[in-house]
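These notes are about the structure you will find just below.
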Amino acid sequence: MSTVASPEELYCHNVLRPGNTNCAGCGMSIGLRWLDEALDGEKPTMVIPACCGIVTAGAFPTTAYGVPTAASTFASAAAVASGVSAVYALNGEPDVVVCWTGDGGTYDIGVATLSAAAERNDDILYICYDNEIYGNTGGQRSSATPELAVTSTTTKGKSERKKDMMAIMAGHRIPYAATLSVAHREDFLRKIRTARKTSGFRFLLTLSPCPTGWKSDPEESVDLIRHAVRSGLFPLYEIFDGIRYRLNERPDGTPVEEYVTRQRRYTKVPTDAAPLKSYIEDQWRYLDAMAKAFPMEGA
Amino acid sequence: MARAMETGNHAAGYALAVAGEANRDARGCACGAYPITPQSEIIEFLRGFDFTKGRVIPVESEHSAMAVCIGASLAGARAFTASSANGLAYMVENIFAAGFYRLPIVLIAVNRTLGPPWNIWVDQGDSLMLRDAALLQFYAESHQDLVDTILVAFRVGEDQRVLLPALVALDGFVTSHTQMVVDLPERELVDRYLPHCNIPHRLRGEHPATIGGLTWPRETEHHRVEIQEAMERVPQVLAEALDEFEHVFGRRPHGALSAEHTDDADTVLMACNTMVRTLRNVVTARRDKGERIGMINSKMFRPFPRQELLAAVSNAKRIGVLDRNHSPGSGGIFWQEVAATLQSRPDVIVQDYLVGLGGGDVTPEVIDEIIDDLNAREKAGEPVWKEVAA
Ligand SMILES: Cc1ncc(C[n+]2csc(CCOP(=O)(O)OP(=O)(O)O)c2C)c(N)n1
Ligand code: SF4
C-alpha cells in the first residue's frame, strides 16, 4: 500500500490548510486540525465571525479553509449558523454546521445571539477558541480575560475575574457542553465526536494558547495548556443536558506558578499567585458540588 | 384572485408567505422574526403560516433576524424578514452585510419614527437611513401596491443580473393597520411568477469557498463596482418583471417612478407611500380648476431613477419634494436625490418640504399650502419645515 500522499490529497479538503496566517504556536492550528481529524472525513460547514479565526483564511481570492465557510459579522455567528442549519435540515442534508469563534464573539458581543440559538436548541456545533483577549484588534481585554492579566486595555492587570461561560451555557440546558485542551488529544477528539453524535446545540470551549497576546514562547503553547489543566486553572469537564456533570481530570498539584511565570501577561500577579489560587479553589468547590449533586451516570 | 379586506401587515405577511411557498420545490424558505410596533402582525402571521418547506425562526434581536436570513440565503433558501424604526437601526450592520454578500433577501420596512423619544407613527427616516446600503428600496402607496411590490422585489432581487437584497416600505399604521380591499394573488399564480431562488454562490460541500473573508483595496473596489453595475441593470430587470407580472396577474404595478400629468405641468409635486394618494386628490382638484400641475410617485429610491425623473420633469418650472424624513444638517433625503439629479437643469426650482415627520397627518389642506408656497417662489430656498396638526 502506498503511504505517501500528495500535498493536495493531504490538505486540499482539510478544514484548515497550510498557508494560513496563524501565528506560530497558535492554539487554533491544533484545534482546527483536531476538529478535522475527529470528524473522520466529514466536511463541516464553518461559520466564523470577525476574529483571528477568519483572518487566518488570508485575503480573497485565496482561502486557507478547505470547507464551505461563511464569514459573519462579529456578533452573528450563531444566528447565521441557525439559518444555514435550518435550511440544511429542510433539504435533508446531514452536513454539520460548526461555529468557530473567539472569546470576544462568544462571551461579549455575540453572547445574546449565542444564548438565543442555544435556547432554541438549534442544531449547531459551537466551538469557542478562548485566547482570553481580542487578538485580532491587538490584544484588548474581553470578559474571558482572567483576573490580573495585562492586556492593552488593562495595563495594570484586569481587576475582574473571568466570566464562567460554561455555567452560562449550562443554564441553557443544552444537550452537551464540554471544555477541551490542546494538550489532551484523545480527550479533545472524543469530545468532538461526542458532540458530533449529539443533535441540538452543542457548546465546546477550548483554552487556546496565543503567544502573541500571552507574551509566551510559541514552542511552549501546548505545555502551557497542560499546566493550566493540571494546576486546576482550566478544568476539563462535560455537562450533559445542562445539569449532569462529568469531571474528566483532577488537579494533580502542579503549581499554577508554572503556568503564570511563563507568560509576560501575568507580570501583575504576586509571586505567590494567591488570587489565581483562590480562583482555582472556588472553581473546583463549585464543580465538585455540581458533580456530586448531579453526577453523569457512568462517570 | 381572492379579493379580501386585509390590513397592510396581513397583506404583506401573505405576500411573503406565498413567495416563500413558491420556493418549496427548490431549497425552501426561511425568516428570522423579531417583533416591533407597527410591524409585529407581519411576523405573527408568518409564525402562524403552515409552510411546506420553510422555517420562521424566532430570534432575540433584529440583528439576528437578518443574520438568520443571511445564513438561510447562504444555504440557498429564499429569505425574508420585516422590521421598523429602531429595529431597522439595530439590523443595519447585517443589512449592509447582506448586500455585500449579494444575497437577495426581502426586507419589509413598516416605516416608523426613530427614537427615543418613542413615537410609533410613520416617518421614513428609518428606511432612508439605509440609503447607502447595497439594497433596493421600494415605497408602496397602497395595500395592493404593497402586495404586488413584494412579489416584484423577490423577482428583481433574485434575478441573476441583480442578486441584491430589496426593501419594501409601507406607512406605519396608515397602511399597516388599516384595512383595504386587496387582490391576494393565488398561490398557483405566484408559483408561476417567481422562478426558484438560485443563489449561485451558496455554500456547497463540493465547492469549498470562503464567503466574506478578507479583501484588499483593489478587490474591494471591484466588488463595489459590481454592485453598482448590478444596480444599473435594475431598470431593465424591473421592466421585465413588471411585464411578466401583468402577464401572470393581469394588472401592472407602478414602476420605479410614475409621472402623472407632468407633460404640461409647470409645477410638479413629488412624494411616495400614502402621501401620494392625498397628493393625487389635490392635484386632480387643481387640474380640474385649470392649473398646470402634475405629480410624481417616486416609488423606487434605490437605485434612484434619475433618467425617469429627468424625463418626467422636462417641461417643469418648479418641483416640490415632500419629505417625510429629515437628515439633520442637510434636509430631506428625497430632495437631496432630486436636487443632485437636476443639476443639469438650473432653470428649475427644486424646493424641499419636510412634512408629516413623526406621523403628522399630511392633509389635502397642508398640501394645498405647500403648492401655494411653491407657486409663489422665484427661486428655491432652504428646506421648509411644514408643520401639521398633531
Ligand atoms: C461590530 C464590530 N465591532 C468591532 C469589531 C472589531 N473587531 C474585530 S475582531 C475583534 C476582536 C475579536 O476577538 P475574539 O473574538 O476574542 O477573537 P480573536 O481575535 O482573539 O481571535 C474586534 C473587536 C468588528 N469587526 N465588528
Ligand atoms: S494573535 Fe493569537 S489567536 Fe490570533 S493568530 Fe496569533 S496566536 Fe492565534
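The values are calculated or read from the model by the stated rules, or taken from the named source; none is laboratory data. Since the structure is predicted, the reported quantities are computational estimates derived from the model, not experimental observations. Glycine also receives a Cβ, built like all others from the backbone with ideal geometry; neighbour counts cover every protein chain displayed. Side chains are part of the model used for accessible areas, which takes the heavy atoms of the whole protein and leaves out ligands, DNA and RNA. Shrake-Rupley method; radii C 1.70, N 1.55, O 1.52, S 1.80 Å.
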Return a yes/no flag: does region B:49-64 have any residue that is part of a helix (DSSP H, G or I) and more than 14 Å from chain A (Cβ to nearest Cβ). no
Which count do you get for residues in region A:184-218 that are away from chain B (no Cβ under 14 Å) and more than 16 Å from ligand 2 (Cβ to nearest atom)? 20
Just checking, how many residues over region A:129-139 are surrounded by fewer than 24 Cβ atoms within 10 Å (Cβ to Cβ) and either at positive phi or more than 12 Å from ligand 2 (Cβ to nearest atom) (or both)? 2
When residues of region B:72-92 are filtered for being in a helix (DSSP H, G or I) and touching a residue at least 40 places away in the same chain (Cβ under 8 Å), how many remain? 9
Could you look through region A:43-63, keep only residues that are part of a loop (DSSP other than H, G, I, E, B) and more than 16 Å from ligand 1 (Cβ to nearest atom), and pick out the one that is surrounded by the fewest Cβ atoms within 10 Å (Cβ to Cβ)? A:Pro61
Can you name the residue in region B:182-193 that is surrounded by fewer than 21 Cβ atoms within 10 Å (Cβ to Cβ) and out of contact with any strand residue (DSSP E or B) (no Cβ under 6 Å at 6 or more places or on another chain) and is also farthest from B:Arg131 (Cα to Cα) among such residues? B:Glu188
Anything in region A:125-164 that is touching a Pro at 6+ places or on another chain (Cβ under 8 Å) and within 9 Å of ligand 1 (Cβ to nearest atom)? List them, or say none. A:Asn131, A:Glu132
Based on what the data block shows, is A:Ala228 open to solvent by less than 20 Å² (accessible area, probe 1.4 Å) and assigned to a helix (DSSP H, G or I)? yes
Expected output for region A:279-299 (first residue of a type in the set (Gly, Ala, Ser), partner at pLDDT 95 or above, Cβ below 6 Å, 6+ apart or cross-chain) is A:Ala291/A:Tyr245; A:Ala291/A:Leu247; A:Ala299/A:Arg246
Just checking, which of B:Ala17, B:Ala11 is touching a His at 6+ places or on another chain (Cβ under 6 Å), outside any strand (DSSP E or B), assigned by TED's automatic domain parsing to the domain that holds B:His177 and open to solvent by less than 10 Å² (accessible area, probe 1.4 Å)? B:Ala11
Residue list for region B:1-44, filter: of a type in the set (Lys, Arg) and within 14 Å of another protein chain (Cβ to nearest Cβ): B:Arg24, B:Arg27
More than 8 Å from every other protein chain (Cβ to nearest Cβ), more than 16 Å from ligand 1 (Cβ to nearest atom), without any contact (Cβ under 8 Å) to a residue 24 or more places away in the chain and open to solvent by 10 Å² or more (accessible area, probe 1.4 Å), is that true of A:Glu93? yes
Among the listed residues A:Ala117, A:Ala144, which satisfies the condition of being touching a Ser or Thr at 6+ places or on another chain (Cβ under 9 Å) and away from ligand 2 (no atom under 16 Å from the Cβ)? A:Ala117
Look through region A:146-204, keep the residues that are outside any loop (DSSP other than H, G, I, E, B) and of a type in the set (Lys, Arg), and return whichever of them is surrounded by the fewest Cβ atoms within 10 Å (Cβ to Cβ). A:Lys197
Exactly one of A:Tyr88, A:Tyr126, A:Tyr107 is in a strand (DSSP E or B), in contact (Cβ under 8 Å) with a residue 24 or more places away in the chain and either β-branched (Val, Ile, Thr) or surrounded by 21 or more Cβ atoms within 10 Å (Cβ to Cβ) (or both), and that one is A:Tyr126
All-but-one check, A:Ala117 against (1) touching an Asp or Glu at 6+ places or on another chain (Cβ under 6 Å); (2) open to solvent by less than 10 Å² (accessible area, probe 1.4 Å), failing number (1)
Go through (1) facing chain B (nearest Cβ under 7 Å); (2) assigned to a loop (DSSP other than H, G, I, E, B) for A:Asp40 and report which single condition fails. (1)
Which members of region B:76-98 meet the condition of being crowded, with 24+ Cβ neighbours inside 10 Å and within 14 Å of chain A (Cβ to nearest Cβ)? B:Gly76, B:Ala77, B:Arg78, B:Ala79, B:Phe80, B:Thr81, B:Met91, B:Asn94, B:Ile95, B:Ala98
Looking only at region A:242-258, filter to residues that are without any contact (Cβ under 8 Å) to a residue 40 or more places away in the chain and surrounded by 17 or more Cβ atoms within 10 Å (Cβ to Cβ); which one of those is farthest from the chain's Cα centre (by Cα)? A:Glu257
Filtering strands (runs of 3 or more DSSP E) wholly in region B:288-376 for at least 1 residues that are free of Cβ contacts under 8 Å to residues at least 60 places away in the same chain and open to solvent by 10 Å² or more (accessible area, probe 1.4 Å) gives B:318-323, B:349-355
Looking at region A:64-79 only, could you name the residues that are open to solvent by 10 Å² or more (accessible area, probe 1.4 Å), within 8 Å of chain B (Cβ to nearest Cβ) and either in contact (Cβ under 8 Å) with a residue 60 or more places away in the chain or within 16 Å of ligand 2 (Cβ to nearest atom) (or both)? none
Taking the condition of being assigned to a strand (DSSP E or B) and β-branched (Val, Ile, Thr), how many residues in region B:141-196 meet it? 3
Keeping to region B:350-365, report how many residues are of a type in the set (Gly, Ala, Ser) and under 8 Å from B:Val388 (Cα atoms). 2
From A:Arg230, A:Arg196, A:Arg202, which residue is at pLDDT 95 or above, over 21 Å from A:Asp164 (Cα atoms) and of a type outside the set (S, T, N, Q)? A:Arg196
Kindly list the number of the only condition in (1) open to solvent by 10 Å² or more (accessible area, probe 1.4 Å); (2) more than 18 Å from B:Gln39 (Cα to Cα); (3) free of Cβ contacts under 8 Å to residues at least 60 places away in the same chain that fails for B:Met129. (2)
